[in-house]
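Inspection log for the structure reproduced underneath, given as structure tokens.
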Amino acid sequence: MENVVILGTGIAGLTAAVYTGRANLKPLLISGPEDGGQLTLTTDVENFPGFPEGIQGPELVRVTHEQAQRFGARFVVDIATGFSSIKGGFELELMNGQRVQTKTLIIATGASARWLGLHSEEKYKGRGVTTCATCDGAFFKGKEVVVIGGGDSAMEEALFLTKFATKVTVLHRKESFRASKIMQERFFKNPKCSVVWNAEIVEILGDGKRVTSVVLRDTVSGENRDFKTEGVFLAIGHVPNTMLFKGIVEMDVNGYLKTDRFMHTNVAGVFAAGDVQDTRYRQAITAAGSGCQAAMEVEKYLAEKE
Ligand code: NDP
């Protein structure tokens, strides 16, 4: 039986791996469908302490992965599809059919991009509709695109897209952004960036192959109008990846795992770290911090049991 299995290889899971590895617990990490987590989909990380010039998200993940390996962490690229309690711990079933038994579990499965839920969005996914500017931005060289959302992600995506697109319009359902001041300043300073306030997307239109426009509803007047665009970038927040634990581990109405301030869930021996349990900060550094906490709690839990 493993001492500790960590689900998720984002910055929370990797930090937990560094700590449990260093405590000689030989952690086993299971990547899940988004190996490396959200940082692999971003570019400059300017607010992670220790990097005065910033660091690229994927690079931060890569070096932390290496650091965890140095302390004996083992990595499996697979997806957990089953979870149950067994005598002395837990059993996970992986997609490849393998079963893994463990005394403790750290859930660091993070959160994934939220979609609007429109039928037309589904139709044009990958044909002009995307949630990742860093992945798909280059396909929109010389084109006009829109970004949906009003948070830091929307600002970041919009600014990144100005490298390729001729014009980037942020469509936001309210009349002000919730993004941080510094990001808003950069956005409004950029001549390629503009905003349409009180705009809700009700439909994405295209020629069957690619997006040609969106239908906007003015949330004040209620009127609809067409807005020409070739790319729709969604930056409307995230949903936690907790399906596997429904009915077993306690969660809030939005599906975020509930933890106490020591990263314990309501199931003894199951801990959670990172965006899967964070409804407030959702920063790389807080994810890493909670990964550290969960790891230290695992160590304490195992020592007390033995
Ligand atoms: P946020 O939850 O902060 O913002 C989501 C935005 O999407 C809001 O403006 C919200 O509108 C809008 N929205 C949500 N649902 C819909 C919908 N169905 N239709 C239209 N609009 C919708 O998410 P972010 O991903 O931007 O940020 C998450 C966290 O990550 C934050 O804490 C942020 O600070 C952090 N972050 C930090 C960065 C940095 O420091 N460089 C970069 C990126 C993220 P409304 O405002 O009306 O609710």
Restricting attention to the stretch 177-196, which residues are open to solvent by 70 Å² or more (accessible area, probe 1.4 Å) and either under 18 Å from the mean Cα position of the chain (by Cα) or within 11 Å of the ligand (Cβ to nearest atom) (or both)?
-> R178, I182, R186
All positions within the stretch 202-249 that are open to solvent by 30 Å² or more (accessible area, probe 1.4 Å), within 16 Å of the ligand (Cβ to nearest atom) and not in a loop (DSSP other than H, G, I, E, B) = V202, E203, R217, D218, N224, F227, H238, V239
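Of everything in the stretch 155-168, what is within 16 Å of the ligand (Cβ to nearest atom) and surrounded by fewer than 21 Cβ atoms within 10 Å (Cβ to Cβ)? Give them in sequence order.
Narrowing the stretch 155-168 to residues within 16 Å of the ligand (Cβ to nearest atom): 155-162, 168.
Scanning the stretch 155-168 gives F160, T162.
Quick one: is V100 among the β-branched types (V, I, T) and either under 30 Å from A154 (Cα atoms) or part of a loop (DSSP other than H, G, I, E, B) (or both)? Quick ask: steps written out before the conclusion?
Values: among the β-branched types (V, I, T): yes; either under 30 Å from A154 (Cα atoms) or part of a loop (DSSP other than H, G, I, E, B) (or both): no.
No, not satisfied.
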With the checklist (1) assigned to a loop (DSSP other than H, G, I, E, B); (2) under 26 Å from Q38 (Cα atoms); (3) touching a Lys or Arg at 6+ places or on another chain (Cβ under 7 Å) in hand, flag the one item D275 doesn't pass.
-> (1)
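State yes or no: is L14 in contact with a Ser or Thr (Cβ under 6 Å, 6 or more places away or on another chain), buried (at least 23 other Cβ atoms within 10 Å of the Cβ) and at negative phi?
Details: in contact with a Ser or Thr (Cβ under 6 Å, 6 or more places away or on another chain): yes; buried (at least 23 other Cβ atoms within 10 Å of the Cβ): yes; at negative phi: yes.
Criteria met by L14.
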The residue from A158, A138, A165 that alone is assigned to a helix (DSSP H, G or I) and under 15 Å from F187 (Cα atoms) is A158
Top-ranked residue in the stretch 49-96 [being acidic (D, E), over 19 Å from N24 (Cβ atoms) and outside any strand (DSSP E or B); ranked as least open to solvent (accessible area, probe 1.4 Å)] | D78
Regarding D275, is this residue within 15 Å of the ligand (Cβ to nearest atom), in the same structural domain as F48 (by TED's automatic domain parsing) and either open to solvent by 20 Å² or more (accessible area, probe 1.4 Å) or out of contact with any Phe, Trp or Tyr (no Cβ under 9 Å at 6 or more places or on another chain) (or both)?
-> yes
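The values are calculated or read from the model by the stated rules, or taken from the named source; none is laboratory data. Owing to the predicted nature of the structure, the values given are computational and were not obtained by experimental measurement. Positions of Cβ are backbone-derived with ideal geometry, glycine not excepted, and every protein chain shown enters the neighbour counts. Calculation scope for accessible area: heavy atoms of the full protein, side chains included, ligands and nucleic acids excluded. Shrake-Rupley method; radii C 1.70, N 1.55, O 1.52, S 1.80 Å.
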